[in-house]
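**Student:** A single structure is presented below for examination.
The values are calculated or read from the model by the stated rules, or taken from the named source; none is laboratory data. All values reported here derive from a predicted model rather than from experimental measurement. So basically every Cβ, Gly included, is an ideal-geometry build from the backbone, and we count neighbours across all protein chains shown. For accessibility, only protein heavy atoms count, side chains too; no ligands or nucleic acids. Shrake-Rupley method; radii C 1.70, N 1.55, O 1.52, S 1.80 Å.
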Amino acid sequence: MFTQPLPVLRRDGNALIILDQTLLPWRVVERRLVALDDVAEAISTMRVRGAPLIGCAAAFGVAVTLTAGSADDAALDHALAVLRATRPTAVNLAWALNRMDMRLRPLPFPMRREAAWAEAEAIFAEDAAMCAAIGAHGLGVLRALRSRAGRALRVMTHCNAGWLATAGMGTALAPVYAGCADGLEVEVFVSETRPRNQGLLTAWELAAAGVKHMLIADNAAGLLLMRGEADAVIVGADRIAANGDTANKVGTYLKALAAHAAGVPFYVAAPVSTFDPGTACGEAIPVEERAAEELFFVDGLDGQGCPGRLRLAPEGSCAVNPAFDVTPAALVSGFITERGVFGVEELDDFLQGIQA
Ligand code: MRU
């Protein structure tokens, strides 16, 4: 079983400890969250990020809140509403909060606190198991592609859908980690993922795991795919609508278009909690708009190795900053889930199965 090299979330008494991802890959710093506002701030500022992980963090946030104060219906409603509003696109957040609501609401108030911690721990453990199963199913996909490639397999990914984004080994990176553990030669093209540069988190993860990877500018993906330098694209997802349209980090759609044009398979790796049967199609997925400042500044290390922030855009610049885009189902070659790998034409059966 894959063990995360550092715990991304953990309970410590009545507090939630998180690995602060806004400081990675330069500094490894944990933060202690003891109140609802702390957890909401950590999710909305992306100290914790990645669809499955923000679902887990929100679940723990309910436990933190009910432990710090009242556990009555008003407190529960308030915690659910505040956490639900932190990030709109990743449906895992609403999925986890709905599950907490269903588990806690019928209980007498004094029993809700420990039940909340237990349910959050269960969501976390289940997510880790889902990641492992996604890795095992995705490994089958990689093995089939490897036999055609005739050299080390090259996978392109976008954003960070590795262990930092989940409770386990990740979603899009799970097949890569499973492949490496199984002796498969696999290399990864990692796109920077402007403006928040989550690709640097992916590069950091892969370097630590000894996986060969090449960082690329986001705009280099089209050329590399056209030249046949990548054998597959695998990305994670924040919400998959009932028709298979897939929201993921902005820039995913352009990779899907380029992969389609080049005849390169494009896979979406995601757990059941990312599928949203209640959203009919991509147009109905809420796309998070984030602050323009994210485009104006860049974080990094200075010449002395000290972390710092640089202004990139001139004062007075304007920007729009949609954090996600939506890839139409027609561009998705297959979904890699904990229940297996399937194409869009089998999505209805899959959705019926998860709702049963
Ligand atoms: O804005 P982020 O960093 O939370 O966005 C993350 C992504 O888009 C990931 O690809 C997605 O959540 C899947 S994570 C397993």
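**Student:** Pick out the one residue from ALA291, ALA258, ALA220, ALA270 that is in contact with a strand residue (DSSP E or B) (Cβ under 7 Å, 6 or more places away or on another chain) and either open to solvent by less than 40 Å² (accessible area, probe 1.4 Å) or closer than 30 Å to LEU97 by Cβ (or both). Write out each step before concluding.
**Tutor:** Working: ALA291 fails: in contact with a strand residue (DSSP E or B) (Cβ under 7 Å, 6 or more places away or on another chain); ALA258 fails: in contact with a strand residue (DSSP E or B) (Cβ under 7 Å, 6 or more places away or on another chain); ALA220 fails: in contact with a strand residue (DSSP E or B) (Cβ under 7 Å, 6 or more places away or on another chain).
After ruling out the rest, the residue left standing is ALA270.
**Student:** Among THR65, THR86, which is free of Cβ contacts under 8 Å to residues at least 60 places away in the same chain, within 16 Å of the ligand (Cβ to nearest atom) and open to solvent by 10 Å² or more (accessible area, probe 1.4 Å)?
**Tutor:** Values: THR65 fails: within 16 Å of the ligand (Cβ to nearest atom).
Exactly one of THR65, THR86 is free of Cβ contacts under 8 Å to residues at least 60 places away in the same chain, within 16 Å of the ligand (Cβ to nearest atom) and open to solvent by 10 Å² or more (accessible area, probe 1.4 Å), namely THR86.
**Student:** What's the total number of residues in the stretch 147-198 that are under 19 Å from CYS56 (Cα atoms) and of a type in the set (Phe, Trp, Tyr)?
**Tutor:** 1
**Student:** Taking interchain pairs and intrachain pairs at least six residues apart, which have beta carbon atoms under 6 angstrom, with the first residue in the stretch 147-169 and within 21 Å of PRO265 (Cβ to Cβ) and the second assigned to a loop (DSSP other than H, G, I, E, B) and small (Gly, Ala, Ser)?
**Tutor:** Pairs found: ARG154/ALA230; MET156/ALA230; THR157/ALA172; HIS158/GLY251; ALA161/GLY170; ALA161/ALA172; ALA161/GLY236; GLY162/GLY170.
**Student:** With the stretch 124-225 as the region, which strands (runs of 3 or more DSSP E) entirely inside it contain at least 2 residues that are more than 16 Å from the ligand (Cβ to nearest atom) and more than 20 Å from the chain's Cα centre (by Cα)?
**Tutor:** Values: elements: 153-157, 186-191, 213-216.
Answer list for the stretch 124-225: 153-157, 186-191.
**Student:** Tell me yes or no: at least one residue of the stretch 53-75 is among the acidic types (Asp, Glu) and part of a helix (DSSP H, G or I).
**Tutor:** Let us first name the residues in the stretch 53-75 that are among the acidic types (Asp, Glu), namely 72-73.
In the following step, the residues that additionally are part of a helix (DSSP H, G or I) were identified as 73.
Looking for residues that are among the acidic types (Asp, Glu) and part of a helix (DSSP H, G or I), one finds at least one in the stretch 53-75, hence yes.
**Student:** Taking interchain pairs and intrachain pairs at least six residues apart, which have beta carbon atoms under 7 angstrom, with the first residue in the stretch 234-245 and at positive phi and the second away from the ligand (no atom under 15 Å from the Cβ)?
**Tutor:** Taking only residues 6 or more apart or on different chains, the pairs are GLY244/ALA329; GLY244/VAL344; GLY244/LEU347.
**Student:** Among the listed residues ALA58, ALA81, which satisfies the condition of being open to solvent by 40 Å² or more (accessible area, probe 1.4 Å), under 23 Å from ASP276 (Cβ atoms) and aliphatic (A, V, I, L, M)?
**Tutor:** Details: ALA58 fails: open to solvent by 40 Å² or more (accessible area, probe 1.4 Å).
Unique residue meeting the criteria: ALA81.
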